[in-house]
Amino acid sequence: MSFAERCGLNSPERQAACAQLLQQVEASGIELIRLGWCDLHGVVRGKTLVASQLRQALANGIGMVSTLLLKDSSDRTAFKVFEPGIQETLPGFAGASNFTLMPDPASWQVLPWTEKTGWLQCQPYLPDGRIVPLDSRHVLQQAVLRLAERGWQMRCGLEVEFHIYRLKDPLHGHELDPSRAAWPGPAPEVSLIHPGFNLLTEAWFDRAEEPLRIVQRTAQALGLPLFSLEIELGPSQVEAVFDVRDALTAADHMVLFRNATRQALRRAGYHATFMCRPPFDAIMSSGWHLHQSLVDTTGRPVFMRDVPEPGSTTRDARQVLSNAGAAWLAGLLAHAPALTALCTSTSNGYGRFRPNAMAPQSILWGRDNRGAMLRVIGEAGDKATRIENRLGEPAANPYLYMASQIHAGLDGVDAQLQAPPATETPYSEGAHTIPTSLADAVRALQKDAALCQALGQPFVDYYSTIKQAEHQRLAQADDAQEFHRREYFGRI
């Protein structure tokens, strides 16, 4: 019996897809195949095979050390896998044992920035054929199933801000100097691709066109639904906008986009970073705005309201959102402190929550208001009615970001929560504020009974342990900016 059969993956559809892929690889002259898996921090890890080993990998996977699931953001293992008790805390991880990465033939990509190289997305499985329950993609798959049981599907559009810099010395920069090697190592030296502080200026786009063309061509070659590329306000800051897809596909696209963008730009002498606040004095924070809506089995928009609720005003959620949509909105607000730990998942991202910065500060919603945490877009009868969550940072794990929205929104629907009136002054005093540190957000997650139940207490404990390790290193650092420079700038 193959390992694919043991995992329940040997369906006729998968067998046909594997056979087709093997023929395609042989005919195309592909030489190397990367087997990629998204870790807890949204970073793609994996192994590279020669093409002749693809058949074996499709049938039986490839081994992966289990501690890759236990790394904190500095790549240190946050659990003591060689000490007694680990088997009770994390069954299957004792002794840094092996998991098996199983590739999905439907995820096949030919990488456009390198020669004769293919890429397959994988998920990790235990030796007995069960999927590793702590895998972040599995967490979203379980959330999507919760929606499907109600006949709903989540649809997501992505607005991703990030920074692109020109490397001063791509071949011999000081981060590649062996005498400076450290854990984590020094960040690369860079210069700007545009000077900033001129939002959407065409002249700045022209200055940045060379790297943005690389982003465009790479995304389109990978089949990603790129909608636009834009100049953001901060120096060297840009934004990519993607068309709507179902939640799991959108999350897969985000993983692929970040990974591909960094690699393609690096080969051309540029450095892309998705950290929220690059370690320079004159910067603007980057956010990841997640547009979300639901459709039912007929394709009808669940959030759309046919006519405003009688007697409602512009500050009432039910003037624009259906009853289910308004309750979903209320669920996102009710669970916002806990959601923050999953939507802004690095200690660096918490400097973004400040007033009058086109970023949220308080747990509020508004009608087309970019200062509110949740921005409701649309009107009665508008099929594109949706909720934009502006809480996230671009380095967040996409699977956990989207899963958190589903669980919080469904709790709002099940509890029939009522949204408060919309804000018109999102930076005024008196509102409940977003957690101001990763440690505070993780504590809020641990105390949120509904999310702990939905995600599973073992996953919340696991996630909290890893994020607490990151916060502890920051607390012990002599220089917070240097900590962020080394921890994130060259890595995410």
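One table, with the values for the structure above:
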{"quantity": "Subset of the stretch 245-281 [among the β-branched types (Val, Ile, Thr) and touching a Ser or Thr at 6+ places or on another chain (Cβ under 8 Å)]", "calculated": "261"}
{"quantity": "Single match in 280, 257, 274 (criterion: aromatic (Phe, Trp, Tyr) and open to solvent by 10 Å² or more (accessible area, probe 1.4 Å))", "calculated": "280"}
{"quantity": "Subset of the stretch 150-167 (residues that are among the aromatic types (Phe, Trp, Tyr) and closer than 18 Å to residue 303 by Cβ)", "calculated": "152"}
{"quantity": "Lone unmet requirement of (1) touching a Phe, Trp or Tyr at 6+ places or on another chain (Cβ under 9 Å); (2) more than 30 Å from residue 393 (Cβ to Cβ) for residue 333", "calculated": "(2)"}
{"quantity": "Residues located in the stretch 171-216, provided they are of a type in the set (D, E, K, R) and open to solvent by 90 Å² or more (accessible area, probe 1.4 Å)", "calculated": "180, 189, 202, 206, 207, 210, 213"}
{"quantity": "In the stretch 302-326, the residues that are part of a helix (DSSP H, G or I), surrounded by fewer than 24 Cβ atoms within 10 Å (Cβ to Cβ) and not polar (S, T, N, Q)", "calculated": "318, 324"}
{"quantity": "Near pairs, Cβ below 8 angstrom, 6+ apart or cross-chain, from the stretch 165-189 (free of Cβ contacts under 8 Å to residues at least 24 places away in the same chain) to any residue that is part of a helix (DSSP H, G or I) and crowded, with 18+ Cβ neighbours inside 10 Å", "calculated": "189/175"}
{"quantity": "Residue match in the stretch 68-87 (condition: free of Cβ contacts under 8 Å to residues at least 12 places away in the same chain, assigned to a helix (DSSP H, G or I) and not hydrophobic (A, V, I, L, M, F, W, C))", "calculated": "yes"}
{"quantity": "Residue in the stretch 229-248 that is part of a helix (DSSP H, G or I) and under 23 Å from residue 38 (Cα atoms) present", "calculated": "yes"}
{"quantity": "Residue match in the stretch 466-484 (condition: open to solvent by less than 30 Å² (accessible area, probe 1.4 Å), farther than 30 Å from residue 185 by Cβ and at pLDDT 95 or above)", "calculated": "no"}
{"quantity": "Selection count where residues are β-branched (Val, Ile, Thr) and under 15 Å from the mean Cα position of the chain (by Cα), scope the stretch 230-273", "calculated": "5"}
{"quantity": "Close pairs (7 angstrom Cβ cut-off, 6 or more residues apart or separate chains): among the small types (Gly, Ala, Ser) in the stretch 133-147, open to solvent by less than 20 Å² (accessible area, probe 1.4 Å) and in a helix (DSSP H, G or I) anywhere", "calculated": "136/399; 136/400; 143/403; 143/406; 143/407"}
{"quantity": "Residue within the stretch 24-43 that is of a type in the set (Ser, Thr, Tyr), touching a strand residue (DSSP E or B) at 6+ places or on another chain (Cβ under 8 Å) and open to solvent by 30 Å² or more (accessible area, probe 1.4 Å) present", "calculated": "yes"}
{"quantity": "Check on residue 160, touching a residue at least 60 places away in the same chain (Cβ under 8 Å), of a type in the set (A, V, I, L, M) and open to solvent by 20 Å² or more (accessible area, probe 1.4 Å)", "calculated": "no"}
{"quantity": "Whichever residue in the stretch 337-361 is of a type in the set (A, V, I, L, M) and within 17 Å of the chain's Cα centre (by Cα) and, among such residues, is farthest from residue 285 (Cα to Cα)", "calculated": "338"}
{"quantity": "Pairs, first closer than 15 Å to residue 435 by Cβ and of a type in the set (D, E, K, R) in the stretch 352-367, second modelled with pLDDT under 95 and crowded, with 20+ Cβ neighbours inside 10 Å, C-beta under 6 Å, six or more apart", "calculated": "352/359"}
{"quantity": "Qualifying residue in the stretch 134-145 (condition: open to solvent by 40 Å² or more (accessible area, probe 1.4 Å), over 19 Å from residue 42 (Cβ atoms) and over 18 Å from the mean Cα position of the chain (by Cα))", "calculated": "yes"}
{"quantity": "Count - residues of the stretch 44-67 that are open to solvent by less than 20 Å² (accessible area, probe 1.4 Å), among the aliphatic types (A, V, I, L, M) and not in a helix (DSSP H, G or I)", "calculated": "1"}
{"quantity": "Given (1) open to solvent by 30 Å² or more (accessible area, probe 1.4 Å); (2) farther than 25 Å from residue 254 by Cα, number of the condition residue 296 does not satisfy", "calculated": "(2)"}
{"quantity": "Subset of the stretch 88-133 [open to solvent by 50 Å² or more (accessible area, probe 1.4 Å), part of a strand (DSSP E or B) and out of contact with any Gly (no Cβ under 9 Å at 6 or more places or on another chain)]", "calculated": "none"}
{"quantity": "Out of 230, 202, sole residue that is more than 22 Å from residue 484 (Cα to Cα), among the acidic types (Asp, Glu) and in contact with an Asp or Glu (Cβ under 7 Å, 6 or more places away or on another chain)", "calculated": "230"}
{"quantity": "Options 428, 404: the member that is assigned to a helix (DSSP H, G or I) and either buried (at least 24 other Cβ atoms within 10 Å of the Cβ) or out of contact with any strand residue (DSSP E or B) (no Cβ under 6 Å at 6 or more places or on another chain) (or both)", "calculated": "404"}
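The values are calculated or read from the model by the stated rules, or taken from the named source; none is laboratory data. None of these values were measured; they are calculated from a predicted model. Here Cβ is always computed from backbone atoms with ideal geometry, including for glycine, and neighbour counts include all displayed protein chains. Note: areas computed on protein heavy atoms with side chains; ligands, DNA, RNA excluded. Shrake-Rupley method; radii C 1.70, N 1.55, O 1.52, S 1.80 Å.
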